[in-house]
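The values are calculated or read from the model by the stated rules, or taken from the named source; none is laboratory data. As the structure is a computational prediction, the values presented were derived from the model and not from experiment. Methodologically, a virtual Cβ is constructed for each residue, glycine included, from the backbone with ideal geometry; neighbour enumeration extends over all protein chains shown. Surface accessibility is based on the protein's heavy atoms, side chains included, excluding ligands, DNA and RNA. Shrake-Rupley method; radii C 1.70, N 1.55, O 1.52, S 1.80 Å.
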Amino acid sequence: MSVIGDWLRNRKQRVCIKGKWSCWISVWSGVQQGSVLGPLLFLIFNNDLDEDINSNILKFADDTQIFNEVRNSTDCIQLQADLDKLVLWAQKWQIKFNVDKCKVLHEGNLDNSSSYYTEGSELTEVSYEKDLGCLPVSPNPISQNPVLPNPNSPNPVSPNAV
């Protein structure tokens, strides 16, 4: 463990803009970007993020997605409760979610009138969103290009599946 402590302590940084270097300054927090150890430390740090979360949650590097099937107001309340738990987790560990990057994406044909909030701000609703830098094939791929089982076919995937 002393190796990690040594790696995080007494760090300095400077920047170069158009060939001019700034003065060195001490870095008190954070993990060096572009390092091998940085992503590992982040995974250890946010390992407990999904404890007590009832919704589905996906984590990749510093991206987190929370989602669930919402069929009624009880499901809406549960998803909002899970968002609130994530905010409490962030406050406990003294980090902030970038609320401007938090979005609501409704899929399917159910009532999409529910609003969700985090840190007191209503989340923006979008019809599609980049996922890890990639855009979906169509703005609403699930409803426009469904892949449904065909019970009369030996191949259970529909012919229009990609």
Selection over the range 44-54 where residues are out of contact with any strand residue (DSSP E or B) (no Cβ under 8 Å at 6 or more places or on another chain), touching a residue at least 12 places away in the same chain (Cβ under 8 Å) and more than 17 Å from Q78 (Cβ to Cβ) yields a count of 2
Could you tell me which of the residues L49, L41, L58 is within 13 Å of the chain's Cα centre (by Cα) and over 21 Å from S127 (Cα atoms)? L49
Across the range 99-120, the tally of residues that are open to solvent by less than 50 Å² (accessible area, probe 1.4 Å) and of a type in the set (S, T, Y) stands at 3
